[in-house]
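Reviewing the structure listed below.
The values are calculated or read from the model by the stated rules, or taken from the named source; none is laboratory data. Fair warning: this is a prediction, and the values are worked out from it, not measured in the lab. Methodologically, a virtual Cβ is constructed for each residue, glycine included, from the backbone with ideal geometry; neighbour enumeration extends over all protein chains shown. Each accessible area value is taken on the protein alone, full model and side chains, heavy atoms only, with ligands, DNA and RNA left out. Shrake-Rupley method; radii C 1.70, N 1.55, O 1.52, S 1.80 Å.
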Amino acid sequence: MAKDDFVPYLLQLVSNALSSPIIEREIAFVVDLFVVAALTFIPIIGLPLAIVYFLVKDILPFSGNTSFGKSVSPIRIVNAQDNTPLSKQFLFKAVVRNVIILIPVLNIVDGFYLISTGKRLADIWVETDVVSYEESL
């Protein structure tokens with residue numbers, strides 16, 4: 001990359017990061033991590049409950065077809081084709097999105113991709129979008 005190309009490239013990265021709901025996504029993720037951690041304290045069934053919650057958190061019907069973290073932030077996960085919220089019929093998409101977080105190398109690449117483009121690789125692979133709540137309604 002030429003020296004003259006670096007500044008516009010850096011400005012584009014910053015613009016992408018600020019125009020996407022990255023901060024809201026991170027807040028939602030931290031809240032969901034607290035939920036997972038709290039579930040692990042339940043004797044005997046806590047760890048299995050935490051694992052199940054983490055894998056299917058994006059389609060919980062009792063929190064508006066979204067995770068607890070996303071329910072406190074103004075974002076939702078929607079199907080990219082028709083902009084409908086994820087639900088039980090999209091179980092595979094929800095699980096794949098969350099399994100990628102558990103694979104260290106993919107998680108790192110996914111994070112860098114999110115910062116540079118404003119979208120996770122997992123979202124591209126399973127054809128989902130993260131939108132602000134007002135856009136998804």
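Things to note:
- Selected residue (criterion: most open to solvent (accessible area, probe 1.4 Å)) from residues of the range 76-102 that are without any contact (Cβ under 8 Å) to a residue 60 or more places away in the chain and in a strand (DSSP E or B): Pro85
- Output for the range 61-102, where each listed residue is out of contact with any Leu (no Cβ under 8 Å at 6 or more places or on another chain), among the polar types (S, T, N, Q) and closer than 18 Å to Val36 by Cα: Ser63, Ser71, Ser73
- Yes/no for Leu13 being surrounded by 12 or more Cβ atoms within 10 Å (Cβ to Cβ) and either more than 23 Å from Val96 (Cα to Cα) or at pLDDT below 85 (or both): yes
- Within the range 37-60, the set of residues being in a helix (DSSP H, G or I), touching a helix residue (DSSP H, G or I) at 6+ places or on another chain (Cβ under 7 Å) and open to solvent by 30 Å² or more (accessible area, probe 1.4 Å) comprises Leu39, Leu49, Leu55, Val56.
- Residue that is least open to solvent (accessible area, probe 1.4 Å) [pool: residues in the range 103-122 that are without any contact (Cβ under 8 Å) to a residue 24 or more places away in the chain and of a type in the set (A, V, I, L, M)]: Leu121
- For the range 123-137, taking the residues that are assigned to a helix (DSSP H, G or I) and open to solvent by 80 Å² or more (accessible area, probe 1.4 Å), the one that is modelled with the lowest pLDDT is identified as Glu135.
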